[in-house]
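A quick write-up on the structure given underneath.
The values are calculated or read from the model by the stated rules, or taken from the named source; none is laboratory data. Just so we're clear, the structure is a prediction, and the values are computed from it rather than from any experiment. Don't worry about glycine lacking a Cβ; one is built from the backbone with ideal geometry, like all the others, and counts go over all protein chains shown. Each accessible area value is taken on the protein alone, full model and side chains, heavy atoms only, with ligands, DNA and RNA left out. Shrake-Rupley method; radii C 1.70, N 1.55, O 1.52, S 1.80 Å.
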Amino acid sequence: MSVRNREWPVVLALTPVLILILAPFVWLVISSFKTEAEIGRADPFTWPADLMWRNYLDAWQIGGFGELVGNSLINLVGVVLLSLITCAPAGYALAKIRFPGREWLFYAFILGLTVPVQAIVIPLYQVLFGLNLVNTLAGIVLVQVSNGIPFGIFLMRSFFIGVPDDLIEAAKIDGASHFQILTKVFLPISTPAVQALVIISALSTWNDFFLPLIVLISPEVQTLPLGLVRFASTYASDYRLVFSGTVISFLPIILLYILMQRRFTEGLTQGAIKG
C-alpha cells in the first residue's frame, strides 16, 4: 500500500522513533547468537561469524525455561478464559439490560481503573492467604483477572452499546433468553472486540512481574518474568545465556501480537467509535 503525499511528514517524523524503539531489540536478538568474545567487541550490531543456536538450548536447559513457559501458558489461558467469561456478560448487561443502578454500577467498575494495584496489595495478599491461594497458579490467575475486569467490561460494553436493540427484540420474539442472545447474536458479531480483549489480557498477563512477585514464591510455580530475573541474577556474567533467555521470554507474545494486530486495532477503534 502506497503512502499518500500528505502522510509523508508523519512517516518521516515517526521513522526515527521507530528506529529508537527497535534498535535495542535488534541488538538483543543479534547478541543472543554471539559468543562471549563477540559480545565484548566494540560494535554491538556486528553480525556473528556463526549463529550460536546452542545459546538458546543452553539457556532453555540451564534456566528451566520449559517449566517457566508452561506456568506462563497455564496462567495466560486461565486469565484470558475467565476474562471473557466475566467481561462479556457484564458488558452486555451494562449495555443492553435495564435495571436500577445500572449506570452507578458501571461507574463503580470504571473507578477500578483509577486504583493502582500497588495500593491494595496488602489486603489482596491477606485474602489470598486466607483462601490458601498464595503460591498457587490459581491464586495469580484470580488476581490478574480481577485486576483486568474494569477495563474488560469497559471495552465490551463500548462495543455492545452500539449494537442495534432491534436484534435483541427479534431474538426475544423467537424465544431467546439473554444468555442465548449474548452467545448466539452478540458474540459472533463482536469478534474484533473479543480478540482485542484476548490480546490485551494476554499481553498484560505474560509480561506481569509485580503480581506474580507478590503471589508466587516457589520457583516451581513462577512465571517467565520472575524466572528470567532469577536466571539473569544467577548468570549475570554470562551474557549469551541472559540475552537468549530474554528473547525466549518475549518472542511468543510478540508473535501473538503480530498475528492479531489488525483485529486488535479494529476492536479498539470500533469500541471507541460505538462507545
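Does Ala23 satisfy the condition of being exposed (fewer than 10 other Cβ atoms within 10 Å of the Cβ), without any contact (Cβ under 8 Å) to a residue 24 or more places away in the chain and more than 30 Å from Ser218 (Cβ to Cβ)? Steps first, please.
Working: exposed (fewer than 10 other Cβ atoms within 10 Å of the Cβ): no; without any contact (Cβ under 8 Å) to a residue 24 or more places away in the chain: yes; more than 30 Å from Ser218 (Cβ to Cβ): yes.
When the stated conditions are applied, Ala23 does not pass them.
Within the group Leu84, Leu51, Leu57, Leu76, which residue is at pLDDT below 90 and open to solvent by 20 Å² or more (accessible area, probe 1.4 Å)? It would help to see each step written out before you state the result.
On the way: Leu84 fails: at pLDDT below 90; Leu57 fails: at pLDDT below 90; Leu76 fails: at pLDDT below 90.
Result of the check over Leu84, Leu51, Leu57, Leu76: Leu51.
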Of (1) open to solvent by less than 50 Å² (accessible area, probe 1.4 Å); (2) over 13 Å from Leu241 (Cβ atoms); (3) in contact (Cβ under 8 Å) with a residue 60 or more places away in the chain, Val29 fails just (1)
Residue that is most open to solvent (accessible area, probe 1.4 Å) [pool: residues in the range 131-170 that are in contact with a Phe, Trp or Tyr (Cβ under 8 Å, 6 or more places away or on another chain) and assigned to a loop (DSSP other than H, G, I, E, B)]
Val134
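Taking into account only those residues within the range 201-237 that are of a type in the set (Ser, Thr, Tyr) and out of contact with any Leu (no Cβ under 7 Å at 6 or more places or on another chain), which is farthest from Gly63 (Cα to Cα)?
Taking the range 201-237 first, the residues of a type in the set (Ser, Thr, Tyr) are 201, 204-205, 218, 223, 233-235, 237.
Cutting the leftovers down to out of contact with any Leu (no Cβ under 7 Å at 6 or more places or on another chain) gives us 201, 204, 218, 233-234, 237.
Details: Ser201: 26, Ser204: 23, Ser218: 15, Ser233: 11, Thr234: 9, Ser237: 14 Å.
So, considering only residues that are of a type in the set (Ser, Thr, Tyr) and out of contact with any Leu (no Cβ under 7 Å at 6 or more places or on another chain), the one farthest from Gly63 (Cα to Cα) is Ser201.
Restricting to the range 171-190, and then to whatever is hydroxyl-bearing (Ser, Thr, Tyr) and within 29 Å of the chain's Cα centre (by Cα), can you tell me which residue is least open to solvent (accessible area, probe 1.4 Å)? Talk me through it step by step, then tell me what you get.
Of all residues in the range 171-190, those hydroxyl-bearing (Ser, Thr, Tyr) come to 177, 183, 190.
Filter once more, so that each one left must be within 29 Å of the chain's Cα centre (by Cα): 183, 190.
Values: Thr183: 50, Ser190: 0 Å².
Ranking the qualifying residues of the range 171-190, first place goes to Ser190.
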Residue ID - surrounded by the fewest Cβ atoms within 10 Å (Cβ to Cβ), chosen from residues in the range 241-254 that are of a type outside the set (A, V, I, L, M) and touching a Ser or Thr at 6+ places or on another chain (Cβ under 7 Å):
Phe243
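Determine if the range 62-72 includes at least one residue that is open to solvent by 80 Å² or more (accessible area, probe 1.4 Å), under 19 Å from Asp208 (Cβ atoms) and in contact with a helix residue (DSSP H, G or I) (Cβ under 9 Å, 6 or more places away or on another chain). Write out each step before concluding.
Initial filter on the range 62-72 (open to solvent by 80 Å² or more (accessible area, probe 1.4 Å)): 62, 67.
Still in the list and also under 19 Å from Asp208 (Cβ atoms): 67.
From what's left, in contact with a helix residue (DSSP H, G or I) (Cβ under 9 Å, 6 or more places away or on another chain): 67.
Yes, because at least one residue in the range 62-72 is open to solvent by 80 Å² or more (accessible area, probe 1.4 Å), under 19 Å from Asp208 (Cβ atoms) and in contact with a helix residue (DSSP H, G or I) (Cβ under 9 Å, 6 or more places away or on another chain).
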